[in-house]
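Participant: Pasting a structure below so you can have a look.
The values are calculated or read from the model by the stated rules, or taken from the named source; none is laboratory data. The structure displayed is predicted, hence computed values, not measured ones. For neighbour counting, all protein chains shown are included, and Cβ atoms are generated from backbone atoms with ideal geometry for every residue, glycine included. Each accessible area value is taken on the protein alone, full model and side chains, heavy atoms only, with ligands, DNA and RNA left out. Shrake-Rupley method; radii C 1.70, N 1.55, O 1.52, S 1.80 Å.
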Amino acid sequence: MLLVLQRMAASHSLFSSSLKLTSIHLLHHHRCPLKRIVSISRGFRRTQIRALSLYQKSYGLSTTTSAVATDSTDSAVLPTNESSERLLRIRHTCAHVMAMAVQKLFPDAKVTIGPWIENGFYYNFDMEPLTDKDLKRIKKEMKFPEMKLREESWLSMNLKMEILDSIREDPITAYHIGSEWWDLCAGPHVEFTGNINRKAVELESVAGAYWRGDEKKPMLQRIYGTAWENEEQLKAYLHFKEEAKRRDHRRLGQDLDLFSIQDEAGGGLVFWHPKGAIVRHIIEDSWKKIHVQHGYDLLYTPHVARADLWKTSGHLDFYRENMYSQITIEDVLYQLRPMNCPYHILVYKRKPHSYRDFPIRVAELGTVYRYELSGSLHGLFRVRGFTQDDAHIFCLDHEIKDEIKDEYLRIRKSH
């Protein structure tokens, strides 16, 4: 049986790759997305680290990037939500305490959802726009008395009806903070709010967010906060955050004259300046040499193709909302490519192959185009046009193990 191994650089990081395998019958239809996923990771996750996963959305750094503590923060060990359930419970509870404070100060504010996130928590409110001054008032209003959080089952509620309508089988629960305030939530939370160190909690920023991510629905006010187990961890986090600001790739791109995004051309479309183009050329040249050394053939494929190709590949069924509108050329519909996979399959299918030809390895620095909402665009990390490291390996069953091993070594060499 012939298998296809697809390797495509993850869009959120330069330091990870993945392999995807699909059986031969998919070749005849070049269906995507491909099945049977095998992941290769360069490193491993530590339960506790002397580093902090920096917040991508705020400062333009990958969530897989770490910053090593320095100076007075060097002794701080920063846990993660995965390594410390206590920290996760603290952050989730803080979201509710903050929401309670918001509704005390702004009685007309309507609560929506408030989950924990990588470095803290956020909560969305249907209310008038907030200011930095409002954040200080809200933080001051956040109290952490010795109140027990009580869970109660609910069969129906008048709030968050849209969320309730989407819950079919799971139990619906509400959490009460003492007798003052309650919220619909599945948990987990701390048992007593007094277990949270007030001095290890900080409100960070306000942003706009569409209800349930739908631009046709109301714009909500999202308050971001961070929470830790103790003051030392918060100080270390704030130190890393300041360092991240100094290293924000958007700022460096301007200061070093590497790239820009021009409003006249449209959001999410990157212009590489001469200095940036040289850097990119050096990286691409190294990428090509390494792939050729590992037995890859390089490809260049079109940026547009008949729309039927994307229907056959499955992209129109699965990713239509992330694809640009189709173009009519001589009464035939064409589509800007969101992925490179169908092109590589077409190159493979152009002629018959002997078993002696395998493995066949093809790679391309393919430029693709994805539709992203303007509010989600972010420097080089969330764009509408980008070039990705994409490759496919056509091989036989008994060749899979060696191909994966070789690909892992190539990834280590590249990064």
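Participant: Can you give me the number of residues within region 125-140 that are open to solvent by less than 50 Å² (accessible area, probe 1.4 Å) and under 23 Å from LYS235 (Cβ atoms)? It would help to see each step written out before you state the result.
Facilitator: Going through region 125-140, the residues open to solvent by less than 50 Å² (accessible area, probe 1.4 Å) turn out to be 125, 127, 130, 134-135, 138-139.
Now restrict to residues that are under 23 Å from LYS235 (Cβ atoms): 135, 138-139.
So the count comes out to 3.
Participant: While we're here: Within region 244-287, how many residues turn out to be closer than 29 Å to ASN119 by Cβ and open to solvent by 50 Å² or more (accessible area, probe 1.4 Å)?
Facilitator: 10
Participant: Considering only region 102-124, state which residues are within 13 Å of GLY225 (Cβ to Cβ) and either open to solvent by less than 70 Å² (accessible area, probe 1.4 Å) or polar (S, T, N, Q) (or both). Steps first, answer last, please.
Facilitator: If we filter region 102-124 for residues that are within 13 Å of GLY225 (Cβ to Cβ), which is where we start, we get 102, 114-124.
VAL102, GLY114, PRO115, ILE117, GLU118, ASN119, GLY120, PHE121, TYR122, TYR123, ASN124, listed by residue number.
Participant: Search region 253-274 for residues that are farther than 14 Å from HIS378 by Cα and pair each with any residue that is surrounded by 13 or more Cβ atoms within 10 Å (Cβ to Cβ) and of a type in the set (Val, Ile, Thr) when their beta-carbon atoms are under 9 Å apart and the residues are at least 6 apart or on different chains.
Facilitator: Cβ pairs passing all conditions: LEU258/VAL279; PHE271/ILE261; TRP272/VAL279.
Participant: Can I ask one more? Name, by its number, the condition in (1) open to solvent by 50 Å² or more (accessible area, probe 1.4 Å); (2) over 23 Å from HIS281 (Cα atoms); (3) not aliphatic (A, V, I, L, M) that does not hold for HIS344.
Facilitator: Going through the list (1) open to solvent by 50 Å² or more (accessible area, probe 1.4 Å); (2) over 23 Å from HIS281 (Cα atoms); (3) not aliphatic (A, V, I, L, M), HIS344 breaks only (1).
Participant: For region 393-415, what are the residues that are surrounded by 18 or more Cβ atoms within 10 Å (Cβ to Cβ) and out of contact with any Leu (no Cβ under 7 Å at 6 or more places or on another chain)?
Facilitator: ARG410, ILE411, SER414
Participant: At pLDDT 90 or above and touching a Ser or Thr at 6+ places or on another chain (Cβ under 9 Å): is that true of PRO79 in this structure?
Facilitator: yes
Participant: Let me ask something additional. Those residues that are farther than 11 Å from GLY120 by Cα and in contact with a Lys or Arg (Cβ under 9 Å, 6 or more places away or on another chain), I need them from region 230-247; list them, please.
Facilitator: ASN230, GLU231, LYS245
Participant: Specify the residue that is nearest to TRP116 (Cα to Cα); the eligible residues are those in region 195-230 that are of a type in the set (Phe, Trp, Tyr) and open to solvent by less than 50 Å² (accessible area, probe 1.4 Å).
Facilitator: TYR224
Participant: Now a separate question. Taking the criterion of being over 30 Å from ILE261 (Cβ atoms) and either touching a Pro at 6+ places or on another chain (Cβ under 6 Å) or without any contact (Cβ under 8 Å) to a residue 12 or more places away in the chain (or both), would at least one residue in region 359-369 satisfy it?
Facilitator: no
Participant: Restricted to region 322-339, and to residues that are in a loop (DSSP other than H, G, I, E, B) and open to solvent by less than 50 Å² (accessible area, probe 1.4 Å), which residue is farthest from HIS303 (Cα to Cα)?
Facilitator: MET323
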